[in-house]
Amino acid sequence: MRIDGKTVLITGGATGIGFALAKALYQHGARVAACGRREKTLEDAKLKLPPLKTYICDVTNAAATSALLHEMEERLGGVDILINNAAILHAADQLDQDADPTEVANEVSINLLAPIQLTKLFLPHLRARPAAAIVNVTSNLALTPAPFANVYCATKAGLHSFSIGLRDQLNGSGVKVFELMAPLTDTPMSEEVPVKKYSPRKLALETLRAISNDHYEIHAGRMKEFYWLYRVAPGLAARVVRYV
């Protein structure tokens, strides 16, 4: 799939993997927009990448996302590629009786329900484009969970399954479905995890190469080795994650 000349919307595109993708997409000739909940974060991203279009939007709010789609149609002429990247992670024991129950609901809503609902909202628009795509950002933790972030892992497993089913549903429609199964990447969300992390820039460049070559399930960095380990010895892959 060609990237140059496309208009791309990245949820959570002001930091981490999302911002790395935004920079790489712009450098490869795309027009890029990012949405997020925090105005200051979006302003900082625009200072670093002035051509970036930014929109304040809570992806869990149906009225806000509908308004976002309308505004992008009016101001940018529409969207060719939707990247469902926004996510949160609560590294805690969600079974703890003292844990805030709203944290679990919020994590599931942002990580899983929002991408599904955004996809449904944007699909009629994407189907009308000459060539369009949806990119769902998941994780190696979609394959085997880590005990310290069980709900996060469950949401990524759900998004992985949704991506596979959506790809089958849209086969032949002109809307391509990609999934980026990211390794542990050096982002604000993972800063407290005390292991070596992958470069967001390298991850973004690998992702763009894969999209350009229509590689629909993208295994970047060490995810390549982990994926094959999971396929050959899933029990061993689970132990690797468990003892990180």
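The values are calculated or read from the model by the stated rules, or taken from the named source; none is laboratory data. Just so it is clear, the model here is predicted, and its values are computed rather than measured. Here Cβ is always computed from backbone atoms with ideal geometry, including for glycine, and neighbour counts include all displayed protein chains. Note: areas computed on protein heavy atoms with side chains; ligands, DNA, RNA excluded. Shrake-Rupley method; radii C 1.70, N 1.55, O 1.52, S 1.80 Å.
Assorted remarks:
- Placed amide H near residue 32: partners under 5 Å, 5+ positions off or other chain: 8, 53
- Among 124, 183, 234, the residue with the largest mean-square fluctuation in a Gaussian network model of the chain, with springs joining Cα atoms closer than 10 Å, is 124.
- Distances between placed amide hydrogens fall under 5 Å for residue 178 paired with 134, 135, 136, all partners being 5 or more residues away or on another chain.
- GNM result for the chain, Cα springs below 10 Å: residue of 158, 78, 172 fluctuating most strongly: 172
- Against the criterion of solvent-accessible heavy-atom surface with a 1.4 angstrom probe, 28, 160 sort, most first, into 28, 160.
- The stretch 5-113: GluC sites (Glu not before Pro) in DSSP coil with no more than 16 other Cβ atoms inside 10 Å: none
- Sites residue 74 and residue 225 - FRET efficiency at Förster radius 35 Å, r taken between beta-carbons, to 0.05: 0.15
- Legend: residues 55, 230, sorted from most to least accessible area (1.4 Å probe; ligands, DNA and RNA excluded), read 230, 55.
- With a simple spin-label model that places each label point 7 Å from the Cα along the Cα-to-Cβ direction, the separation between residue 4 and residue 240 comes to 3.7 nm.
- Taking each residue as 0.36 nm, the span from residue 88 to residue 40 lengthens on full extension beyond its C-alpha to C-alpha distance by 15.5 nm.
- Applying a DSSP loop filter and a limit of 14 other Cβ atoms within 10 Å to the trypsin sites (Lys or Arg not before Pro) in the stretch 1-108 leaves 2, 38.
- A simple spin-label model places the labels of residue 173 and residue 27 3.2 nm from each other, with each point 7 Å out along Cα-to-Cβ.
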